[in-house]
1. Taking θ as phi - 60°, what are the ³J(HN,Hα) couplings along the range 109-120 by the Karplus curve (6.51, -1.76, 1.60), each to the nearest whole Hz, with x for Gly and Pro?
2. Kirkwood hydrodynamic radius for the range 21-78: how many Å is it when counted over pairs of different Cα atoms?
3. Could you run the Karplus curve 6.51 cos²θ - 1.76 cosθ + 1.60 with θ = phi - 60° over the range 96-105 and give me ³J(HN,Hα) per residue in whole Hz, x for Gly and Pro?
4. Amide H neighbours of VAL173 under 5 Å, counting only residues 5+ apart in sequence or on other chains, H built in-plane at 1.01 Å?
5. Over all Cα pairs of the chain, how is the pair count split among 10 Å bins, expressed in % and running from 0 up to the last occupied bin?
6. Restricting the calculation to Cα positions, tell me the Rg (one decimal) and the Dmax (whole number) of the range 170-248 in Å.
7. What percent of all Cα-Cα pairs in the range 1-103 falls into each 10 Å bin, going from 0 up to the bin containing the maximum distance?
8. Based on DSSP H runs of at least 4 residues, each adding -39500 (n - 2.57), what is the mean residue ellipticity at 222 nm of the chain after dividing by all its residues, to the nearest 500 deg cm²/dmol?
Amino acid sequence: MAWGLGFIQEVDFKEHVRKTILKYGEKLKSYDLKRFNSNLIDPVKLIFDKSVYKTSWEEIINNEIFRQRDKSNNNDIGYFHQNIFSYFDGCEVPQAGWDVIYRNKEGIVMPEGDIVHTIYVEMKNKHNTMNSASSAKTYIKMQGQILEDDDCACFLVEAIAKKSQNIKWTTKVDGKNVKHRLIRRISMDQFYAVLTGDENAFYKMCMALPGVIDAVVNEEGSVSVPHDTVIQELQKIAGLYSGCPEALAMPMAVYMLGFSTYKGFCQCFSEDLGAGDDAVLKRLYEYARQFEEG
């Protein structure tokens, strides 16, 4: 099947996807109970979520693992959105200063008719990720760039904008509404269109992306598949509470993740494993690891 993206070579796109997946790095490592609870989960929330959403323990634990992995994945997707432009004609992805700089000797026509030869870009993953202070700081930076170079425009590019747009960016600086025709707020699809001259360039990239991701993931040795053991370890711990009603055994195992030294909880667990309060959580992990040995 012919490669349908004229603005990036297939080999470059595939390599960029591979680099993005490798950025996941630490998140691809398997979760055991100790790693799962490294930032202390909220057992009460887990129990509420399981009951309210009517899911199994396996589902709710897997959802929490996914949430923990996902917390830092936005940075990896930000890498994808930003660094893909290093393969576009005329684009530079600097190490510092701006996220992307685009230069075109033929000139770039702005919506109001101005012609500039350089665009400086600040990129955000979502439209709502900037607070008022961050917005003001970014706008002032763009104002300074235009004062320094009157042959440029500055774009705030949003991967996930409220809608497709290329508009003057209106924000507040020192309590006053400010805007400038060369300081613009633009959605990712329209930014692709500015760079490539193809209004559907971003759409075409998105259509090519799933197949390329699958190809990279399925390459032998390309990506390690995590094997999480948290649910099995919790089930092993739940087996300690043979005197509890069945409906309470698993909640007790979950409670111990956050409440292992709390009054009542620590005593219950200490009686089972003979551990003092300060050693309860350590013993919990040690016991859980024994499930692999049968």
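The values are calculated or read from the model by the stated rules, or taken from the named source; none is laboratory data. Predicted model only: the values in this text are computed from it and were never measured. All Cβ positions, glycine included, derive from the backbone under ideal geometry; neighbour counts span all protein chains shown. For the accessible areas, the whole protein counts, side chains as well, though only heavy atoms, and no ligand, DNA or RNA atoms are used. Shrake-Rupley method; radii C 1.70, N 1.55, O 1.52, S 1.80 Å.
1. Once rounded to whole Hz, the list reads 8, 8, x, 8, x, 4, 10, 10, 10, 9, 10, 9.
2. Final number for the Kirkwood radius of the range 21-78 is 12.5 Å.
3. 7, x, 10, 6, 9, 10, 10, 10, 9, 5
4. VAL178
5. P(r) for the chain, in whole percents per bin: 5, 22, 22, 17, 16, 12, 5, 1.
6. Taking only Cα atoms of the range 170-248, I get Rg and Dmax of 26.2, 72 Å.
7. Taking every Cα pair in the range 1-103, the percentages come to 12, 30, 23, 18, 15, 1.
8. -14500 deg cm²/dmol
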